[in-house]
Structure formats: structure tokens, C-alpha cells
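Trainee: Dropping the structure in here first, questions after.
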Amino acid sequence: MASATAVESSLSLSPFSLLVLARLSASIVALLVLTWALHFKTSFHPTSSSQEDLIYAVLHPLLMVIGFILISGEAILVHRWLPGSRNLKKSVHLCLQGLALACGIFGIWTKFHSRDGIVANFYSLHSWMGIICVSLFGAQWLMGFLSFWHRGEVRMTRIRILPWHVFLGLYTYGLAVATAETGLLEKLTFLQTNGAVQKRCTESMIVNGMGLGLALLSGMVIFAAVLPKHQMSYSKTVYSSNKLRS
């Protein structure tokens with residue numbers, strides 16, 4: 001019995017460790033996208049003679065990855081594991097999600113802000129998924145504000161909406177990561193096909209590393225969101241009981 005308990009204790013993952021790993025992964029992804037956007041600027045708009053178009057092209061990955069994905073992931077972690085009252089968690093969660101939504105909207109606007117117009121950029125799977133993702137995110141944020149923050153809603157209504165709010169929140173976050181992955185693949189394939197980037201070079205490694213980092217980060221954020229809160233106290237109880245027995 002003691003050995004089985006010890007195995008369960010060793011296999012249990014500390015929420016604190018998970019949060020540290022998630023934020024470490026987010027920091028690595030942020031560093032990679034900053035390096036890519038600032039050090040390889042010519043890859044974003046190689047045929048443009050306008051400095052304004054280049055700035056907008058560079059801003060798009062920065063806003064969508066750091067502003068939209070990383071901040072919304074942090075909002076999920078904060079709402080789940082931030083110490084303090086429920087109102088504090090809801091306030092921080094709502095503000096971070098609102099900031100992420102603003103970055104997402106502005107990020108899409110920078111991509112469509114060109115002399116060719118919106119239709120010229122709205123042709124790929126990446127662009128379609130991006131529009132759907134930001135639209136779902138905006139509807140999710142509005143639903144969360146009206147249902148969980150507005151005092152006029154009755155408790156039973158919020159209880160019924162909560163499972164859908166959680167599901168749509170995690171689904172939209174996963175969809176945002178998948179959209180970013182398609183964007184990275186589309187951009188790198190375009191550059192390699194045109195001969196602007198070699199298949200084995202520093203820029204290719206940075207883009208591929210960013211994609212792997214986003215995939216790892218999304219798994220940890222979603223796992224942290226569904227991890228039972230009592231696991232930490234359970235692990236401490238098992239550890240204390242084993243220590244007393246020994």
C-alpha cells in the first residue's frame with residue numbers, strides 16, 4: 001500500500017512545476033518570434049519598397065504570437081491558478097483576454113492593410129482560420145463578460161453556460177495555435193520555394209523551433225486548465241503521510 005502511494009506521489013505533477021514550464025516555453029517562443037521579426041525583417045516583405053508595408057508585415061507575427069496567443073494563454077493560467085479571490089481572478093482574466101483580443105484584431109488589420117486590399121490577402125487556409133479564430137475569441141470574450149462579470153445574470157444561468165465557456169475558451173486557444181502553425185508553414189514554404197531561405201539555415205531553425213514551442217506550450221496550458229486543483233493538496237498530504245510512516 002505504501003509503495004503504491006509512493007508511486008502515485010512520484011507520478012503526480014506539481015501545478016507549480018507545470019506553470020513554470022509553461023511560462024518558460026512562452027518566454028522561449030517570444031524570444032524566437034522577436035528574433036525572427038527583427039533580425040530577418042526582409043523575409044516578411046522582400047519585394048516591398050515601402051517602409052510602412054514592412055513595419056506592418058513585421059508587426060503581424062509579433063501581435064498574433066505574443067499579443068494574441070501568449071497573453072491569452074497567460075489569461076487561462078491566471079484564471080485557473082492565480083491566488084486570491086474569485087473577483088480578482090475574473091478581473092485579471094478579463095483584462096488579459098481583452099488585451100489579447102485587441103492585439104488579435106490589430107494583428108489582422110496590419111496584415112490586410114496593404115494597397116492590394118483585403119480580398120488579395122484572404123485566400124489561404126491560414127487567413128480563413130485567423131478570421132474565424134478572432135471572431136470566436138471576440139464572441140467568447142463578450143459572452144464571458146455578460147455571463148460571469150455582469151451582476152444582473154442569475155447564478156443558474158452562469159452555471160449552465162460555464163461548461164460551454166470553458167470548452168470554447170480552450171478550443172479557441174487551440175485553434176489560435178493551429179492557425180499560427182499554418183502561418184509559419186505557409187511563410188517558410190513560400191520563402192524556401194522562392195529561394196529566399198535555404199532549407200537548412202538559421203531562419204528555418206528559428207521558425208521550426210517556434211512551431212514546436214507553440215505546440216508544447218499549448219499542451220501545457222490546456223493541461224494546466226483541466227488539472228484538478230486538489231492535486232497539489234493531495235500530493236502534499238501523501239508526502240506528509242509517507243514521511244510520518246517512515
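The values are calculated or read from the model by the stated rules, or taken from the named source; none is laboratory data. Treat the numbers as computed from the prediction; the structure is a model and nothing was measured. Quick reminder, even Gly has a Cβ in these numbers, built from the backbone with ideal geometry, and neighbours come from all protein chains shown. Each accessible area value is taken on the protein alone, full model and side chains, heavy atoms only, with ligands, DNA and RNA left out. Shrake-Rupley method; radii C 1.70, N 1.55, O 1.52, S 1.80 Å.
Trainee: Quick check on the range 89-103. Is at least one of its residues of a type in the set (S, T, N, Q), under 23 Å from Leu214 (Cβ atoms) and assigned to a helix (DSSP H, G or I)? Talk me through it step by step, then tell me what you get.
Mentor: Of the residues in the range 89-103, the ones of a type in the set (S, T, N, Q) are 91, 97.
Checking the rest, the ones that are also under 23 Å from Leu214 (Cβ atoms) come to 97.
Filter again for assigned to a helix (DSSP H, G or I), leaving 97.
Within the range 89-103, one or more residues are of a type in the set (S, T, N, Q), under 23 Å from Leu214 (Cβ atoms) and assigned to a helix (DSSP H, G or I).
Trainee: Of everything in the range 84-122 that's surrounded by 13 or more Cβ atoms within 10 Å (Cβ to Cβ) and polar (S, T, N, Q), which residue is modelled with the highest pLDDT?
Mentor: Among them, the one singled out is Gln97.
Trainee: Report yes if Lys111 is in contact with a His (Cβ under 6 Å, 6 or more places away or on another chain), free of Cβ contacts under 8 Å to residues at least 60 places away in the same chain, under 24 Å from Phe223 (Cβ atoms) and assigned to a helix (DSSP H, G or I), otherwise no. Before you say what the answer is, go through the steps one by one.
Mentor: Numbers: in contact with a His (Cβ under 6 Å, 6 or more places away or on another chain): yes; free of Cβ contacts under 8 Å to residues at least 60 places away in the same chain: yes; under 24 Å from Phe223 (Cβ atoms): no; assigned to a helix (DSSP H, G or I): yes.
Taking the combined requirement at face value, the residue does not satisfy it.
Trainee: List the residue pairs whose Cβ atoms are under 8 Å apart, where the first residue sits in the range 86-105 and is closer than 20 Å to Val177 by Cα, the second is among the hydroxyl-bearing types (Ser, Thr, Tyr), and the two are 6 or more positions apart or on different chains.
Mentor: These pairs meet every condition: Leu96/Ser72; Gln97/Ser72; Ala100/Ser72.
Trainee: Could you list, in sequence order, the residues of the range 170-228 that are part of a loop (DSSP other than H, G, I, E, B), free of Cβ contacts under 8 Å to residues at least 12 places away in the same chain and closer than 28 Å to Pro15 by Cα?
Mentor: Within the range 170-228, Pro228 is the sole residue that qualifies.
Trainee: Another one. For the range 39-49, how many residues are open to solvent by 30 Å² or more (accessible area, probe 1.4 Å) and either within 14 Å of Lys111 (Cβ to Cβ) or at pLDDT below 75 (or both)? Walk me through it before giving the result.
Mentor: First, pick out the residues of the range 39-49 that are open to solvent by 30 Å² or more (accessible area, probe 1.4 Å): 39-42, 45-49.
When the remaining residues are screened for being either within 14 Å of Lys111 (Cβ to Cβ) or at pLDDT below 75 (or both), the result is 45-49.
Count: 5.
Trainee: Return yes when Met129 is at pLDDT below 90, among the aliphatic types (A, V, I, L, M) and surrounded by 14 or more Cβ atoms within 10 Å (Cβ to Cβ) and no when it is not. Break it down stepwise before answering.
Mentor: Details: at pLDDT below 90: no; among the aliphatic types (A, V, I, L, M): yes; surrounded by 14 or more Cβ atoms within 10 Å (Cβ to Cβ): yes.
Spelling it out, it is not the case that Met129 is at pLDDT below 90, among the aliphatic types (A, V, I, L, M) and surrounded by 14 or more Cβ atoms within 10 Å (Cβ to Cβ).
Trainee: Another question, then. Output yes when any residue across the range 146-156 is closer than 22 Å to Gly219 by Cα and at pLDDT below 85, and no when none is. Walk me through how you get there before you give the answer.
Mentor: Residues of the range 146-156 that are closer than 22 Å to Gly219 by Cα, as a first pass: none.
No, the range 146-156 contains no residue that is closer than 22 Å to Gly219 by Cα and at pLDDT below 85.
Trainee: Take the conditions open to solvent by 30 Å² or more (accessible area, probe 1.4 Å) and either in contact with a Leu (Cβ under 6 Å, 6 or more places away or on another chain) or not in a helix (DSSP H, G or I) (or both) and apply them to Ile55. Does it pass?
Mentor: Numbers: open to solvent by 30 Å² or more (accessible area, probe 1.4 Å): yes; either in contact with a Leu (Cβ under 6 Å, 6 or more places away or on another chain) or not in a helix (DSSP H, G or I) (or both): no.
Against the criterion (open to solvent by 30 Å² or more (accessible area, probe 1.4 Å) and either in contact with a Leu (Cβ under 6 Å, 6 or more places away or on another chain) or not in a helix (DSSP H, G or I) (or both)), Ile55 does not qualify.
Trainee: Taking the stated definitions as given, is Leu63 part of a helix (DSSP H, G or I) and surrounded by fewer than 20 Cβ atoms within 10 Å (Cβ to Cβ)?
Mentor: Numbers: part of a helix (DSSP H, G or I): yes; surrounded by fewer than 20 Cβ atoms within 10 Å (Cβ to Cβ): no.
When the stated conditions are applied, Leu63 does not pass them.
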